[in-house]
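The values are calculated or read from the model by the stated rules, or taken from the named source; none is laboratory data. Just so you know, these numbers come straight off a predicted model, no measurement behind them. Cβ coordinates were reconstructed from backbone atoms using ideal geometry, including for glycine residues, and neighbour counts include every protein chain displayed. Calculation scope for accessible area: heavy atoms of the full protein, side chains included, ligands and nucleic acids excluded. Shrake-Rupley method; radii C 1.70, N 1.55, O 1.52, S 1.80 Å.
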Amino acid sequence: MSEYPPNASFHRICLTGVISCGDRITSRIKQGMTSVLRRQSSTSNENDVRMRNNRSSGHGAVNDSPPSSPAQAGDRGTRACCFCWCCCCTCSCLAVKSGNGTQGGPNSRIPLPERDDPPTHEEIESWGESFDKLMQSKGGRRTFREFLKSEYSEENILFWLACEDLKKEENPEIVEEKARLIYEDYISILSPKEVSLDSRVREVINRNMVDPTPHTFDEAQLQIYTLMHRDSYPRFLNSQMYKKLLEESQLS
């Protein structure tokens, strides 16, 4: 009786074939790796010879041959990836461009925005006379915005400012883009910065968004302006922020 179970001969033949195929694949892989290593060695030798020739030709000679790397040496500052973490190059996204569009070097200066002059005592005093004077003053809008931020209602003045910016735009494409952003940021019920508007004004906005213009949000802007005037402005005048600012301006 044979020591192998039925069909064992067939199994041995299959196993032998698999082993034979594996040996052939391993041999092919070794041959491929050997070929790659030879090519790399040959390339390295050619680069070494080129460097020796350049050195022997004198330090003042200009090397016109391209470097072995895909990016040329002069491109390291302009083509380097901004994900480079080894500090071996200067990323183009961090380079400062000068006025003529060229990238500045280490000594390039970034023009700093001019600081606004602090409001005078008379100007701060005028903020208490009317809400219109407060909103017409750049320093007043900035101070009032800080106050609204402390009351968690900063979105009201941000929406009003965005509408003012939209009114200055004349390019139809930019108007459409800015109107869409204003709608997503302050009108949409899904936005965390949604402003409080009644249903009638929302219907007007939805109709206007079919063909946006610089005045798409005029009614909504007026409603928010009135809300800030009646609700937030009186509290601002009675706040410690405004009183302290008024006292400090009087002493200075």
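Quick check: is even one residue across region 223-235 of a type in the set (A, V, I, L, M, F, W, C) and more than 25 Å from Glu122 (Cβ to Cβ)?
First pass over region 223-235, keeping only residues of a type in the set (A, V, I, L, M, F, W, C): 224, 227-228.
With the extra rule that they be more than 25 Å from Glu122 (Cβ to Cβ), the set shrinks to 224, 227.
Yes; the residues of region 223-235 include at least one that is of a type in the set (A, V, I, L, M, F, W, C) and more than 25 Å from Glu122 (Cβ to Cβ).
Scan Val201, Val210 and give me the residue that is closer than 28 Å to Tyr233 by Cβ and either free of Cβ contacts under 8 Å to residues at least 40 places away in the same chain or among the polar types (S, T, N, Q) (or both). If you could, list the steps in order and put the result at the bottom.
Details: Val210 fails: closer than 28 Å to Tyr233 by Cβ.
That would be Val201, the only listed residue that is closer than 28 Å to Tyr233 by Cβ and either free of Cβ contacts under 8 Å to residues at least 40 places away in the same chain or among the polar types (S, T, N, Q) (or both).
Out of all the residues in region 169-180, which are free of Cβ contacts under 8 Å to residues at least 12 places away in the same chain and part of a helix (DSSP H, G or I)? Write out each step before concluding.
Residues of region 169-180 free of Cβ contacts under 8 Å to residues at least 12 places away in the same chain: 171-174, 177.
Within region 169-180, Pro172, Glu173, Ile174, Glu177 meet the criteria.
Consider only pairs whose beta carbons are under 8 Å apart and that are at least six residues apart or on different chains; among these, list those whose first residue lies in region 236-251 and is at pLDDT 95 or above and whose second residue is open to solvent by 100 Å² or more (accessible area, probe 1.4 Å).
Every condition considered, no pair remains.
Among the residues of region 126-160, how many are free of Cβ contacts under 8 Å to residues at least 40 places away in the same chain and either under 22 Å from the mean Cα position of the chain (by Cα) or assigned to a loop (DSSP other than H, G, I, E, B) (or both)?
Let us first name the residues in region 126-160 that are free of Cβ contacts under 8 Å to residues at least 40 places away in the same chain, namely 126, 129-130, 132-133, 136-142, 145, 149, 152, 154, 158.
Of the ones still in play, those that are also either under 22 Å from the mean Cα position of the chain (by Cα) or assigned to a loop (DSSP other than H, G, I, E, B) (or both) are 129-130, 137, 152, 158.
Here the count works out to 5.
Being of a type in the set (Ser, Thr, Tyr), buried (at least 17 other Cβ atoms within 10 Å of the Cβ) and under 23 Å from Lys168 (Cα atoms) is the filter here, so list the residues in region 215-235 that pass it. It would help to see each step written out before you state the result.
Narrowing region 215-235 to residues of a type in the set (Ser, Thr, Tyr): 216, 225-226, 232-233.
From what's left, buried (at least 17 other Cβ atoms within 10 Å of the Cβ): 216, 225, 232-233.
If the condition is that a residue be of a type in the set (Ser, Thr, Tyr), buried (at least 17 other Cβ atoms within 10 Å of the Cβ) and under 23 Å from Lys168 (Cα atoms), then Thr216, Tyr225 are the ones that fit.
Looking at Leu197, Leu166, which one is at pLDDT 95 or above, farther than 26 Å from His121 by Cβ and assigned to a helix (DSSP H, G or I)?
Details: Leu197 fails: assigned to a helix (DSSP H, G or I).
Matching residue, one of Leu197, Leu166: Leu166.
Yes or no: region 206-223 includes at least one residue that is on the phi < 0 side of the Ramachandran plot, of a type in the set (Val, Ile, Thr), in a helix (DSSP H, G or I) and modelled with pLDDT of 95 or more. Even if it seems obvious, please write down each step before you answer.
Within region 206-223, the first condition is being on the phi < 0 side of the Ramachandran plot, and the residues that meet it are 206-223.
The next check asks that each one be of a type in the set (Val, Ile, Thr); those that pass are 210, 213, 216.
Those still in the list that are in a helix (DSSP H, G or I) too: none.
Scanning region 206-223, I find no residue that is on the phi < 0 side of the Ramachandran plot, of a type in the set (Val, Ile, Thr), in a helix (DSSP H, G or I) and modelled with pLDDT of 95 or more, so the answer is no.
Can you find, within region 183-212, the residue that is nearest to Lys167 (Cα to Cα) among those that are open to solvent by less than 60 Å² (accessible area, probe 1.4 Å) and among the polar types (S, T, N, Q)?
Asn208
Of all the residues that make up region 137-182, how many are surrounded by fewer than 16 Cβ atoms within 10 Å (Cβ to Cβ) and among the small types (Gly, Ala, Ser)?
Selection size over region 137-182: 1.
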